[in-house]
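Structure record follows, encoded as structure tokens.
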Amino acid sequence: MDGDSATPRVVVGVDGSAPSQEALRWAAHQAQLTGAVVEAVCAWETPSEVGWAGPATEAGFDLERAQLRFSEGVRAVFGEVKPAEVREILVRGDPSEVLVKASAGADLLVVGNRGRGGFARAMLGSVSQRCAQHAKCPVVVVQAVAHS
């Protein structure tokens, strides 16, 4: 989340969901148009940190699962050849807090909208809403496109 301040930065939240994959596609296209680098940011937490029930796991195991899920999400968008301007950044923490922090000094923050169902479709998800309210740069919220 550091970089050459002369190079434009587009930060994008990636969690493996269809909306985040669409956000990553959009961010990569925008970066090509503007000569920016893309910082694909994935936040991860251990289940015990977020209050999930179940047996305790080792943080190393959770990190490995997060890295695998992150890599699979990026691969789903770009295949085996990720564009050179896309940097993968895995950060431990709450997704909205991680993305808001990453937005400092960025030119743009891109997130997917995970709202579900009838009325929920009209509303932003909690992470995208917090990012829109607290980011340190302009925010683009990308809706997943239904592929038939």
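Key figures for this structure:
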item	result
Matching residues, the stretch 91-115, being open to solvent by 50 Å² or more (accessible area, probe 1.4 Å) and closer than 21 Å to Arg65 by Cα	Arg92, Glu97
Test: Gly54 is outside any helix (DSSP H, G or I), within 24 Å of Ala84 (Cβ to Cβ), of a type in the set (Gly, Ala, Ser) and modelled with pLDDT under 95	no
Any chance Arg130 is in a helix (DSSP H, G or I), open to solvent by 80 Å² or more (accessible area, probe 1.4 Å) and either aromatic (Phe, Trp, Tyr) or modelled with pLDDT under 75 (or both)	no
Residue list for the stretch 62-116, filter: in a helix (DSSP H, G or I) and touching a helix residue (DSSP H, G or I) at 6+ places or on another chain (Cβ under 9 Å)	Asp62, Gly73, Val74, Ala76, Val77, Phe78, Pro95, Ser96, Glu97, Leu99, Val100, Ser103
Residue ID - modelled with the lowest pLDDT, chosen from residues in the stretch 57-85 that are out of contact with any strand residue (DSSP E or B) (no Cβ under 9 Å at 6 or more places or on another chain) and of a type in the set (Asp, Glu)	Glu58
Pairs with Cβ under 8 Å, 6+ apart, first in the stretch 87-112 and under 25 Å from Gln32 (Cα atoms), second among the aromatic types (Phe, Trp, Tyr) and open to solvent by 30 Å² or more (accessible area, probe 1.4 Å)	Val110/Trp26
Matching residues in the stretch 4-27 - criterion: being among the hydrophobic types (A, V, I, L, M, F, W, C), open to solvent by less than 40 Å² (accessible area, probe 1.4 Å) and not in a helix (DSSP H, G or I)	Val10, Val11, Val12, Val14
Every residue from the stretch 86-126 that is within 19 Å of Val10 (Cβ to Cβ) and modelled with pLDDT under 90	Asn113
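The values are calculated or read from the model by the stated rules, or taken from the named source; none is laboratory data. Bear in mind that the values here come from a model prediction, so they are computed numbers and not experimental data. Don't worry about glycine lacking a Cβ; one is built from the backbone with ideal geometry, like all the others, and counts go over all protein chains shown. Only protein heavy atoms, including side chains, enter the accessible area calculation; ligands, DNA and RNA are left aside. Shrake-Rupley method; radii C 1.70, N 1.55, O 1.52, S 1.80 Å.
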